[in-house]
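Shown next, in structure tokens, is the structure this report addresses.
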2 protein chains.
Amino acid sequence: MTHATTPAPEGSAITVCEVGPRDGFQNIKTFIPTARKIDIVNAMFAAGVRHIQITSFVSPRAVPQLADAAEVIAGVDRPADAMLAALIPNLKGAERAAAAGVDAVHTVVSVSETHNLKNVNRSVDQSLSEFDAVAALMHREGIAVEGGMATAFGCPFEGIVPPENVARIAKYYHELGAASVSLGDTTGMATPATVKAAIQAIRAEVPDMEITLHFHNTRGVGLACVMTGLSEGVTHYDASIGGLGGCPFAAGATGNICTEDLVYLLQESGYETGIDLEGITAAARLTQETLGQTLPGQILKAGPRLRRYDPQLTVTAEG
Amino acid sequence: MTHATTPAPEGSAITVCEVGPRDGFQNIKTFIPTARKIDIVNAMFAAGVRHIQITSFVSPRAVPQLADAAEVIAGVDRPADAMLAALIPNLKGAERAAAAGVDAVHTVVSVSETHNLKNVNRSVDQSLSEFDAVAALMHREGIAVEGGMATAFGCPFEGIVPPENVARIAKYYHELGAASVSLGDTTGMATPATVKAAIQAIRAEVPDMEITLHFHNTRGVGLACVMTGLSEGVTHYDASIGGLGGCPFAAGATGNICTEDLVYLLQESGYETGIDLEGITAAARLTQETLGQTLPGQILKAGPRLRRYDPQLTVTAEG
């Protein structure tokens, strides 16, 4: 079965999900005080962010940085229309997330067998079958399930990841009643061609499944992949404040695509994100100050597009 | 008049013009020895680069870095099918470029009046009229003219640059017999919408004019703008080795889009560039070593897409 694609029309609403407090913070070695995490999330909400992966309910021994997951959720100024999601690795995490009052849980399985084995010591099918109990619990609690996939566009151990394998997992998530699937570009291997192939494979299998694209900018083409997603009609994108987040297989390379840069691209292309560029840049600045490191985001350095300079005070260069 | 657009079809040839030795080197304060410049250009040729802006014939007092323009051209291992272009600001520069044996000269005028006045102390029309003598000389010498425009997508002093002004200059260049026009994103203000508008305005005025797009990645959307260019059927793009080159109005921001990252994007999207990714990355590494600074290119840090890791030797992170 083929599926006709309509590009996301100009002027339409695009959901930008902020994943920095989860995907970014998890890689920071020095503990960020809970109150500061709350300040940063509040700055994101103030800028108009309404979809956020706010934390993970993983083992506090494995990720001490996120040991304060429940306190962060309890502490933020939660807008009535906000969707707070947390990553959970298993049923125990799902129970803790539900008790903390999340709106959604984000499960993760790697599409590639080797990566999943390495990451959670299970086969792909074992991981998926363990999500049955998670989905049942979430259904009873009225909490949405976002079906996450890691290594959706390539695996650092196996190389190419067949789109059919992405579609098979999407179908499993669909049968579990997941609200959406999220395709994670874990090690920055997504390209316009692999993005298109994965989207089309999912649509052929489960046409009504909502797709979220989660790109890393490891090889510089993260926003080019967003352009492909928009052409294919995908309206949900993850991004991380300041481009925070790392790729474990590329020292010095950037991690997730940057929220401000994505908001800038979307806004300048006529899409509605509900996020104020100045406000989200302020949240990025606060994050940068907190971490004491220069983040890869470009809007953070260059400012808004129509920033004006006084010709009397400046020196130019040709080109 | 409207002009139908056909996207550049997958598998088609895309010309990547390397501008690092001109647009990148001109901003480097410490003199790069001529022999090292020649080594870098030779590494680019060895990687398959055939279009290059190899230097500028500007005043050696204004840009001492490029005082060795003629020596560089004389010194490189010039492939028979290479197109060596040099930027020239005026007739004197054009005469020097012709004597040095270039294949093309690249003229520059800013689309915005304020920027042109600030940059070369002339009105736009004054600059254009001075190109008449340049074009006449180049025609006699059998040297191509590339009509360059700075601030084609926005001006740091004036803000928005009307696409009609871009089209007017393209028409002037067309009447001069220029082989192509090049739209320079001097201060990183190009977005998909402004790119599309500029291309369409030129095509409405001079449908048969070859267009080159010269983007900066100052606000992170350089390769997203390339995606728009490809959708609009543009097949010529400038890029700089390692992303070398700066934007005078955004301290710390990156400059030109990066050649290796562009070649990666195009290659992975099924286009033919004739450039070997490993070879051009080696040229970027040599440039980085020469300058003793980390360049913004991402492929330089992350390596090729299908680089494989041994699962026994690595640690992974979720997401």
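Bear in mind these aren't lab numbers, they're just calculated from the coordinates by the rules spelled out. For clarity, every value in this text was computed on a predicted model and none was experimentally measured. Counting neighbours? That spans all protein chains shown, and the Cβs are built from the backbone with ideal geometry, glycine included.
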### Summary
Per the 1/(1 + (r/R0)^6) rule, R0 = 56 Å and r from the Cβ atoms of residue A:92 and residue B:129, FRET efficiency to 0.05 is 0.15
#### Entry: Other protein chain Cβ atoms within 10 Å, averaged over every residue that makes up B:208-221
4
### Size of charge dipole - chain B - debye, nearest 20, with Cβ of Lys, Arg +1 and Asp, Glu -1, no other charges
660 debye
### Query
How far, in whole Å, is the nearest Cβ of chain A from the axis relating it by rotation to chain B, and which residue carries it?
A:227, 2
### Message
Taking the number of other C-beta atoms within 10 Å as the exposure measure, put B:271, B:237 in order starting with the fewest.
### Response
B:271, B:237
### Average beta carbon contacts from partner chains per residue of B:260-273, 10 Å cutoff
3
#### Entry: Dipole of chain A, positive end: most advanced residue of A:304, A:186, A:215 [Cβ charges, Cα centre]
A:186
### Summary
Once amide hydrogens are built 1.01 Å from N within the peptide plane, the residues lying 5 or more places from residue B:271 or on another chain with amide H under 5 Å from its amide H are B:11
### Query
Label-point separation (nm) for residue B:67 and residue A:99, each offset 7 Å from Cα along Cα-to-Cβ?
7.4 nm
### Query
Between copies, how close do the residue B:210 label points come, placed 7 Å along Cα→Cβ, listed in nm from shortest?
4.8
## Note on the structure
Length gained if residue A:28 through residue A:121 is fully extended, taking 0.36 nm per residue and subtracting the Cα-Cα distance, is 31.1 nm
#### Entry: Proximal lysines relative to residue B:37, as straight alpha-carbon distance under 20 Å, when same-chain residues fewer than 8 apart are discounted
B:29
### Two-site FRET efficiency, residue B:210 against residue A:289, from Cβ-Cβ distance with R₀ of 45 Å, rounded to 0.05
0.45
### Query
What does the charge count near residue B:11 come to, summing +1 for each Lys or Arg and -1 for each Asp or Glu among other residues with Cβ under 14 Å from its Cβ?
-3
#### Entry: Calculated [θ] (222 nm, deg cm²/dmol) that DSSP helices of n ≥ 4 give over chain B, each run adding -39,500 (n - 2.57)
-11500 deg cm²/dmol
### Task
Using a cut-off of under 19 Å, list every residue of the stretch B:55-69 whose amide N is near the label point 7 Å from the Cα of residue B:179 along the Cα-to-beta-carbon line.
B:55-57
### Over chain B, relative contact order from alpha-carbon pairs under 8 Å, at least 6 apart, %
20 percent
### Message
So if I take the centroid of the Cα atoms in the stretch B:208-268 and the same for the stretch A:263-303, what is the distance between those two points in Å?
### Response
21 Å
### Query
Using the Cα gyration tensor of the protein assembly as shown, with a ≥ b ≥ c the square roots of its eigenvalues, what is the shape: rounded (a/c below 1.5), prolate (a/b larger than b/c) or oblate (neither)?
prolate
### Query
Kirkwood hydrodynamic radius of the stretch B:15-302 from all distinct Cα pairs, in Å?
18.6 Å
### Task
Could you size up the charge dipole of the stretch A:10-110 around its Cα centre, putting +1 on the beta carbon of Lys and Arg and -1 on that of Asp and Glu, and report it in debye to the nearest 20?
400 debye
### Query
How about residue B:171: which lysines have a C-alpha closer than 22 Å to its C-alpha, ignoring those fewer than 8 places off in the same chain?
B:196
### Query
If you count the DSSP beta bridges with both ends in chain A, what percent of them are antiparallel, to the nearest 5?
5 percent
### Task
Can you pull the one-decimal nm distance between simple spin-label points at residue B:5 and residue A:310, each 7 Å off the Cα toward Cβ?
3.9 nm
### Task
Mind sorting B:309, A:264 by how few other Cβ atoms lie within 10 Å of their own Cβ, fewest first?
B:309, A:264
### 10 Å Cβ neighbours from other chains, averaged over peptide A:222-231
5
### Message
Using the crude model of +1 on Lys and Arg Cβ and -1 on Asp and Glu Cβ, and no other charge, please compute the dipole size for the stretch A:134-231 relative to its Cα centre, in debye to 20.
### Response
180 debye
#### Entry: Least to most buried among B:146, A:210 (fewest other Cβ within 10 Å first)
A:210, B:146
### Message
In chain A, if the dipole is taken from +1 on Lys/Arg beta carbons and -1 on Asp/Glu beta carbons about the Cα centre, which of A:231, A:9, A:38 is farthest to the positive end?
### Response
A:38
### Query
Sorted from shortest, what are the nm distances separating the label point of residue A:141 from equivalent points in the other copies, each placed 7 Å from Cα along Cα to C-beta?
7.4
### Task
Output, in nm with one decimal and in ascending order, the distances from the residue B:79 label point to the matching label points of the other copies (7 Å from Cα along Cα-to-Cβ).
5.3
#### Entry: Positive minus negative residues near residue B:73 (Lys, Arg vs Asp, Glu; Cβ under 12 Å)
0
### Task
Return the lysines within reach of residue B:92: Cα separation strictly under 21 angstrom, same-chain partners fewer than 8 residues apart disregarded; answer none if there are no such residues.
B:118
